[in-house]
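The values are calculated or read from the model by the stated rules, or taken from the named source; none is laboratory data. Because the structure is predicted, anything quoted here is derived from the model rather than measured. Every residue, glycine among them, receives a Cβ derived from its backbone with ideal geometry; neighbour counts consider all protein chains shown. Heavy atoms of the whole protein, side chains included, go into the accessibility calculation; ligands, DNA and RNA do not. Shrake-Rupley method; radii C 1.70, N 1.55, O 1.52, S 1.80 Å.
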Amino acid sequence: MAWPTAEVARMSGVTARTLRHYDEIGLLPPAWIGTNGHRYYEEGELLRLQQLLVLRALGLGLPEIGRVLASQVDEVEALRGHHRRLLAERDRLDALAGTVARTITELEHSRRDGRPMTINRPENLFEGIQPAQYQATLHDFPELAEAIDRHNAKLSDTEIEAGQRERTAQMIRLAELMAAGTPADAEPVQAEIDAQYRALTGIRAVSTEEYRALGRSCVENEPWRAAYESIAPGLAAYQRDAILAYATTRLS
C-alpha cells in the first residue's frame, strides 16, 4: 500500500513542504514518484518518518539524524534505543513541568501580594529545556532549522550556553516591558526584536514573510508558546505582536 504526500502529511502532522525538504536532502526519499510527479510513500518510509520525528523531538539536528538512520542495521534495536531516549526525555519533561509550576507559584504570590510582577531566579527558568529543543520546534521551517543546526555545530559548549543565557535574558526583558504596559510597537520593545532579528539573519537570510510566520509561531507552535507562557502569561502573543510590528515598519 502507498500513500501520497498529502495523506502522509495529514497522518504525521508534518507539512508537505517539510516532506519535500526531507526528500531533497536525502533523509526521506519517497518509495516512488508517479507519472503525475506526485510522491508516494510505503510502509518502510512511514517507519523511517516515525524514527526521524522521534529523533527530531529528542533535539537532534537533521545532519545527526541522517547519520543515525544511516548507521541503523536492526530496526527493533534502533527502536529500543529510541525508547530509552524517550524515557530520558520523559524525565526531562517532568523537570520542565516542575520549573513551570514554580514560575506559576511565584507569579501568583506576587499578584496576591499586590506587588509588580517579578521574575525570580531567572537562571532556573529554563531548567529542563535544552537549547536543541528550540530547533526541534522549527518543523514548519526546515531550511532555517538546518541552517541553525549547521551554525550550532561550529560552536563550543560554552558559546552555546552563552547564547542560551542571552535568549533567556531577552525573554525576561520582554516580559518586564510587557508588565510595564509598554506597547509591542514601542521603541524599547522593537530594539529587543531588532537584536533578535539580527542574530537570526546572522545565521541565514530570512524574508519578511518568513519572519512574520516565525512571529505567528510564537503563539501557534505549542512548544514555543509554552516556553514564553512559562515566564509570563501573555508573553507569547506580545512577542508575536512585536515581531509583526517590526516586520511591517522595518522590513516592508
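Condition (residue is outside any helix (DSSP H, G or I), under 12 Å from TYR238 (Cα atoms) and either among the hydrophobic types (A, V, I, L, M, F, W, C) or touching a residue at least 40 places away in the same chain (Cβ under 8 Å) (or both)) applied to region 165-184: is it met by at least one residue? Can you show your working first?
Taking region 165-184 first, the residues outside any helix (DSSP H, G or I) are 180-184.
Filter once more, so that each one left must be under 12 Å from TYR238 (Cα atoms): 181-184.
Right, trim to either among the hydrophobic types (A, V, I, L, M, F, W, C) or touching a residue at least 40 places away in the same chain (Cβ under 8 Å) (or both) and you get 184.
Yes.
Among the residues of region 210-226, are any surrounded by fewer than 18 Cβ atoms within 10 Å (Cβ to Cβ), modelled with pLDDT of 85 or more and farther than 29 Å from ALA9 by Cα?
Checked against the condition, which is being surrounded by fewer than 18 Cβ atoms within 10 Å (Cβ to Cβ), modelled with pLDDT of 85 or more and farther than 29 Å from ALA9 by Cα, region 210-226 yields no hits at all.
Conditions (1) more than 13 Å from the chain's Cα centre (by Cα); (2) among the β-branched types (Val, Ile, Thr); (3) under 24 Å from GLU187 (Cβ atoms), marked per residue:
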{"site": "ARG212", "(1), (2), (3)": "yes, no, yes"}
{"site": "GLY215", "(1), (2), (3)": "no, no, yes"}
{"site": "CYS218", "(1), (2), (3)": "no, no, yes"}
{"site": "ASN221", "(1), (2), (3)": "no, no, no"}
{"site": "TYR228", "(1), (2), (3)": "no, no, yes"}
{"site": "ILE231", "(1), (2), (3)": "yes, yes, yes"}
{"site": "GLY234", "(1), (2), (3)": "yes, no, yes"}
{"site": "ALA242", "(1), (2), (3)": "yes, no, yes"}
{"site": "THR249", "(1), (2), (3)": "yes, yes, yes"}
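Given the conditions (1) open to solvent by less than 80 Å² (accessible area, probe 1.4 Å); (2) assigned to a helix (DSSP H, G or I); (3) closer than 26 Å to ILE148 by Cα, report the number of the one that ALA6 does not fulfil.
(3)
Based on this model, can you work out whether VAL206 counts as out of contact with any Phe, Trp or Tyr (no Cβ under 6 Å at 6 or more places or on another chain), assigned to a helix (DSSP H, G or I), within 27 Å of VAL14 (Cα to Cα) and of a type in the set (Val, Ile, Thr)? Break it down stepwise before answering.
Numbers: out of contact with any Phe, Trp or Tyr (no Cβ under 6 Å at 6 or more places or on another chain): yes; assigned to a helix (DSSP H, G or I): no; within 27 Å of VAL14 (Cα to Cα): yes; of a type in the set (Val, Ile, Thr): yes.
Answer is no for this residue.
Quick check on GLU192: is it assigned to a helix (DSSP H, G or I) and open to solvent by 70 Å² or more (accessible area, probe 1.4 Å)?
Working: assigned to a helix (DSSP H, G or I): yes; open to solvent by 70 Å² or more (accessible area, probe 1.4 Å): no.
In short, no.
Being at pLDDT below 85 and closer than 17 Å to LEU244 by Cβ is the filter here, so list the residues in region 171-207 that pass it.
none
Pull up region 57-67, narrow it to residues that are open to solvent by less than 50 Å² (accessible area, probe 1.4 Å) and at pLDDT 80 or above, then point me to the one that is nearest to THR18 (Cα to Cα). Please lay out each step first, then the result.
Within region 57-67, the first condition is being open to solvent by less than 50 Å² (accessible area, probe 1.4 Å), and the residues that meet it are 58-62, 65-66.
Applying the additional criterion that residues be at pLDDT 80 or above yields 62, 65-66.
Values: LEU62: 12, ILE65: 15, GLY66: 15 Å.
Ranking the qualifying residues of region 57-67, first place goes to LEU62.
Working only within region 16-43, note down all residues that are among the polar types (S, T, N, Q) and either over 19 Å from ARG56 (Cβ atoms) or open to solvent by 50 Å² or more (accessible area, probe 1.4 Å) (or both).
Residues of region 16-43 among the polar types (S, T, N, Q): 18, 35-36.
Scanning region 16-43 gives THR35, ASN36.
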